[in-house]
Amino acid sequence: MLINQKFLLTPGPTPVPERVIQAMNQPMIAHRGKQFPKLLEETATRLAPIFGSPNPVILISGSGTGALETAASNIVEANDDIVVVVTGAFGDRFASICETFGANVHRLEVEWGKACQPDQLEEYVKTIGKNVKAVFATYCETSTGVLNPIQQLGETVNRISDALFVVDGVSCIGAVPVDMERWHIDMLVSGSQKALMLPPGLAFVALSNRAKEAVKNCRTKRFYLDLNKYVTSYEKEYSTPFTPSVSLIYGAREVCSMIEEEGFENVISRHMLLKKMLREGLKALDLPLLASDEDASPTVTAVITNTSESKQIKSALENNYGIILAGGQKKLKGEIFRIGHMGYCTPFDMLRVLNALEMTLSETAGKGILGRGISKAQEVWLEYV
Ligand SMILES: *Cc1c(COP(=O)(O)O)cnc(C)c1O
């Protein structure tokens, strides 16, 4: 059978649209020449509404973890009291990075598969006391498919403390609403290969005005990731302190055009639709979901299985249908598989993965299962059109 197309339904990397590939495929320009400042300014300012940022977005060469380290190294000093909300593997990584810079890290451990509730955070921060310098949280916890209520968490932090609020938005920015000023977010970071439909390699950092001051005053040693250098270089000459990833920035500008053309509100509701179609379809197939409807992310869905079933489903989907899914990470290794549905992803992709799951499961569950998930997903889609 002809299956030479691969469908990446991993929660990063994600498919890159043809027009973004074309936009990146250009002759190199000198970043100290005339063209680059215009490219950078345009991209940084057009990304700002996607990040809900009051300032142009800072672009750094590196993966998402580079963005997390940038956040920590520009805010955290040795012996600072830092609260990190840990709802999964990426919250855990944020905490480890803060520890690397010598902080006194207080981990608010939330059961994996659940979102952090604002009152949980309030109680926890209050027990630590007044000295908390910053609260770090993950918007979409990719390892569990949970979307934390970042708006409410930000409002809570702001109401009960002077702490800075730092958010990892790697696996959802570009697909979800966010408003840094109204939600009291001081630093919001992301990466290129998730909802922003780009290849890996570009890290994004958005700063509030208060965070800009905090970054200026932070004495932690850093060189390449020193945000002051990036802010100065941008404000002086729309440039970057070091050689930028020019091709990826061409791509990022094209992504801005795509999001503007579709309308950011429509992009957000498309992701809500993808989530609902997939979840209702999976439920109709009796596949148990890790996150509740309230906590579930619009960009990634985790299905509970066991190790052998997860392996079998993943390899059947890849070998027979060209669909690539992801497994579980850390604590959840072997216990779940994950379907990414962010960025360049359509309702048809949800029907495609449900189709492949139904055909795979029919080997054991019988033909009665065929069409069950798909028709449920179609009903959900019909309500939207
Ligand atoms: C993917 C991801 C990261 C890490 O990104 P890398 O590009 O793999 O370094 C960090 N946080 C979250 C929430 C992610 O989904």
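Scanning the stretch 136-183 for residues that are aliphatic (A, V, I, L, M) and more than 16 Å from the ligand (Cβ to nearest atom) yields Val157, Ile160, Ala163, Leu164, Met180.
In summary, Thr307 fulfils each of the numbered conditions (1) closer than 26 Å to Val267 by Cα; (2) modelled with pLDDT under 95; (3) of a type in the set (Ser, Thr, Tyr) with the single exception of condition (1). So which residues in the stretch 356-374 are touching a residue at least 24 places away in the same chain (Cβ under 8 Å) and out of contact with any Lys or Arg (no Cβ under 9 Å at 6 or more places or on another chain), if there are any at all? Matches in the stretch 356-374: Ala356, Leu357, Met359, Thr360, Leu361, Ile369, Arg372, Ile374.
Filtering the stretch 40-48 for residues that are within 16 Å of the ligand (Cβ to nearest atom), over 17 Å from the mean Cα position of the chain (by Cα) and modelled with pLDDT of 95 or more leaves an empty set.
Here's the yes/no breakdown for (1) surrounded by 19 or more Cβ atoms within 10 Å (Cβ to Cβ); (2) in contact with a Ser or Thr (Cβ under 8 Å, 6 or more places away or on another chain); (3) assigned by TED's automatic domain parsing to the domain that holds Val146:
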site	(1), (2), (3)
Thr240	yes, yes, yes
Ala252	yes, yes, yes
Ser269	no, no, no
Lys275	yes, yes, no
Leu278	yes, yes, no
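Going through (1) away from the ligand (no atom under 16 Å from the Cβ); (2) within 15 Å of the chain's Cα centre (by Cα) one by one, Leu121 falls short only on (2).
Selection over the stretch 319-332 of residues that are in contact with a helix residue (DSSP H, G or I) (Cβ under 8 Å, 6 or more places away or on another chain) and without any contact (Cβ under 8 Å) to a residue 24 or more places away in the chain gives a count of 1.
Take the stretch 140-177 and flag every residue that is within 19 Å of Val76 (Cβ to Cβ) and within 9 Å of the chain's Cα centre (by Cα). Answer for the stretch 140-177, where residues must be within 19 Å of Val76 (Cβ to Cβ) and within 9 Å of the chain's Cα centre (by Cα): Asp168, Gly169, Val170.
Please determine whether any residue of the stretch 99-114 is within 14 Å of the ligand (Cβ to nearest atom) and either under 18 Å from the mean Cα position of the chain (by Cα) or surrounded by fewer than 19 Cβ atoms within 10 Å (Cβ to Cβ) (or both).
Yes, some residue in the stretch 99-114 is within 14 Å of the ligand (Cβ to nearest atom) and either under 18 Å from the mean Cα position of the chain (by Cα) or surrounded by fewer than 19 Cβ atoms within 10 Å (Cβ to Cβ) (or both).
When the stretch 192-207 is limited to residues that are in contact with a Phe, Trp or Tyr (Cβ under 9 Å, 6 or more places away or on another chain) and within 18 Å of Met24 (Cα to Cα), the one that is farthest from the ligand (Cβ to nearest atom) turns out to be Met197. Of the numbered criteria (1) in contact with a Leu (Cβ under 6 Å, 6 or more places away or on another chain); (2) modelled with pLDDT under 95, the one Gly129 fails is (1). Can you name the strands (runs of 3 or more DSSP E) wholly within the stretch 1-120 that have at least 3 residues being under 20 Å from Leu227 (Cβ atoms), hydrophobic (A, V, I, L, M, F, W, C) and touching a residue at least 40 places away in the same chain (Cβ under 8 Å)? In the stretch 1-120, 58-61 are the strands (runs of 3 or more DSSP E) which contain 3 or more residues that are under 20 Å from Leu227 (Cβ atoms), hydrophobic (A, V, I, L, M, F, W, C) and touching a residue at least 40 places away in the same chain (Cβ under 8 Å).
The values are calculated or read from the model by the stated rules, or taken from the named source; none is laboratory data. Owing to the predicted nature of the structure, the values given are computational and were not obtained by experimental measurement. Here Cβ is always computed from backbone atoms with ideal geometry, including for glycine, and neighbour counts include all displayed protein chains.
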